[in-house]
Amino acid sequence: MTECLNSLHITRREFLKLIAEGAAALGLFKIISLIPSPAQTNLVRPPGAVVEESFNALCVRCGICLEACPTKAIVLAGYEEGLEAANTPKIDAYSGPCEFYSGRCSREMKCSKYCPTSALRLVNKGQVKMGTVELDQSKCLAFMGQECVVCKEKCPVPTAITSINRRPVFHGEQCVGCGTCVYYCPASPKALTLKATGVRRVSA
Amino acid sequence: MSSNKMSRRKFIATVGGVAVVAGVSGGILYEVFRPKLITELPRHVAPNAYTQDGKSLLSIVKGTSDTNVETMVREALDAIGGIDRVVSSGKRVVVKPAVLNNQPYVAPDPHVVAEVARLAMEAGGTVVVAECSGGGDTSYCMQVQGITSAVQAVGATVRYLNTESQIQIAVPNGVTLHDVKTFPTIYDCDVLISVPRLKRHFSPTPTVTISLKNMMGVVPLSEMNRFHNMGLSQCIADVNTVMKPNLTVVDATYAMARSGPDDGDPIEMDTIMASGDPVAIDLIGAQKLMELEQQHGIPTSDYPDYTNIAHINAAATLGVGTNNPDNITIVERNLS
């Protein structure tokens, strides 16, 4: 044993120090992952995603859903979303509109179809609420006096956005969180944000 | 020091010289090849070919639910003088259907689009059906609406403009817009034919979406966004001065009433309208739509009078067409 360590030119003291450092680092990682990351709960997941508690464990970070998405609405979550959620798929409505409710994925969600694990599942679109869109009136063109209710025009749910007095009114409980209105919002910066509030997902 | 070794001074001079030459030639190449604002008007912009005694001709063909749609289209074109007034042999024709999204009764009937394309081909034109959808992927929306297959069946080409390169053209008479991005297919065509459906547009101001608004689909999505920031009605009128359809065929077999552009009630009207004047057809279309709504008991008190629609009047002011009913000759035909 001593000969072996000698051949590595490492002293007993250094060896023990390395082991201790490794253990300390692992412990630290575990502690960090136990800290509930506020960002983690704000992730908008693809439409067929299982509940957040099971999602990170079931997702193998293969990225196939990104390739399958016809509108490129799915992007990878970064490390700022928490270690556990890093490299898992999330919906970025600025990148593309999710067409699960109306469009190319209304019959069959492509991301769920090609997901090799059961992190994304083929579910009925009526069961899904990915999140809720929120309006910032200070950035909205209609509230600045322009002729614009593009969000209402593009919304695939008939009653989720209505227009009253030439201004959009959002009905959060009807919103399915597809992000179509966010994608098409012509304001710069966008007046709309998609947030993971009121989500409805399948349980694992 | 050997003689082939470069002195510091010579090295710096060489590097400096090469940098200057590269900079100047790069600048010249950029100037030669950079995308320029095209100041010439598109080739299709021409005075209305469908006039009689200085008045814009407009046909309204009314059928019944059993009438063949293709017959109605032919009759409507025949009533104003036929498609050969604008299409002749060798002309490049672009037919622009209004395909906003994949919802039912949003786009014109595929039979109408296909029949217009077929007639233009019969008159000797090379026909391209082109669109850039504002509410979804163009190729998907055109396929779902059945326009792609119907048009290909008569032998015309379909082009999804969102996949094309963009060019920037000047809008010399524009009030708000001074330049606009469009596509080479639209800029280079000899004849532009607009094929919209007669629809109410309820957001944000109660208005209509017929031919003038259809020209929002020959610009890329980024431009549609820009228009909403700049005052939409005036931008629609400005775009129509450079993208001015030579012929408009309005599908009103089913009109979308009460609301729109995609969430209104489809009401059977069995009518096809045609004109060379996009402003006149928008005006008369708006009038017919309001009459239809009144017949069906849809409250119209919120709607502006058809003579008071902002983009129609703005386009008339810019000389795109006439919004004076006295300058429009309506040819009505009833098929039964």
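The values are calculated or read from the model by the stated rules, or taken from the named source; none is laboratory data. These numbers come from a predicted model, not from an experiment. Cβ coordinates were reconstructed from backbone atoms using ideal geometry, including for glycine residues, and neighbour counts include every protein chain displayed.
Worth a mention:
- Complete set of residues in the stretch B:209-247 that are in contact (Cβ under 8 Å) with a residue 60 or more places away in the chain and over 26 Å from B:Val93 (Cβ atoms): B:Leu232, B:Ser233, B:Gln234
- B:Thr248 at pLDDT below 95, of a type in the set (Val, Ile, Thr) and surrounded by 23 or more Cβ atoms within 10 Å (Cβ to Cβ): no
- Long-range neighbours under 8 Å by Cβ, at least six apart or interchain, first residue within 14 Å of chain A (Cβ to nearest Cβ) within the stretch B:76-101, second assigned to a strand (DSSP E or B) and among the hydrophobic types (A, V, I, L, M, F, W, C): B:Ala98/B:Val195
- The set of residues in the stretch B:114-145 that are among the hydrophobic types (A, V, I, L, M, F, W, C), assigned to a loop (DSSP other than H, G, I, E, B) and within 14 Å of chain A (Cβ to nearest Cβ) contains only B:Cys132.
- Across the stretch A:158-172, the qualifying residues are those that are in a loop (DSSP other than H, G, I, E, B) and not hydrophobic (A, V, I, L, M, F, W, C), and the one among them that is nearest to the other protein chains (Cβ to nearest Cβ) is A:Arg166.
- You will find that of B:Thr71, B:Thr67, the residue that is more than 19 Å from the chain's Cα centre (by Cα), part of a helix (DSSP H, G or I) and surrounded by fewer than 23 Cβ atoms within 10 Å (Cβ to Cβ) is B:Thr71 and no other.
- Residues of the stretch B:314-336 satisfying the condition of being more than 18 Å from the chain's Cα centre (by Cα) and assigned to a helix (DSSP H, G or I): B:Thr317, B:Pro325, B:Asp326, B:Asn327
- Tabulated pairs, the stretch B:58-73, first farther than 16 Å from B:Ile193 by Cβ, second hydroxyl-bearing (Ser, Thr, Tyr) and crowded, with 20+ Cβ neighbours inside 10 Å, C-beta under 7 angstrom, 6+ apart or interchain: B:Ile60/B:Thr271; B:Val61/B:Thr271; B:Lys62/B:Thr271; B:Val69/B:Thr253
- Selection within the stretch A:142-157: residues that are more than 18 Å from A:Leu194 (Cα to Cα) and within 7 Å of another protein chain (Cβ to nearest Cβ). The member of this set that is surrounded by the fewest Cβ atoms within 10 Å (Cβ to Cβ) is A:Gln146.
- Neighbours by Cβ (under 6 Å, 6+ apart or cross-chain): first from the stretch A:181-192, within 11 Å of another protein chain (Cβ to nearest Cβ) and of a type in the set (Phe, Trp, Tyr); second surrounded by 21 or more Cβ atoms within 10 Å (Cβ to Cβ) and not in a strand (DSSP E or B): A:Tyr183/A:Ala93; A:Tyr183/A:Pro97; A:Tyr184/A:Val150; A:Tyr184/A:Lys154
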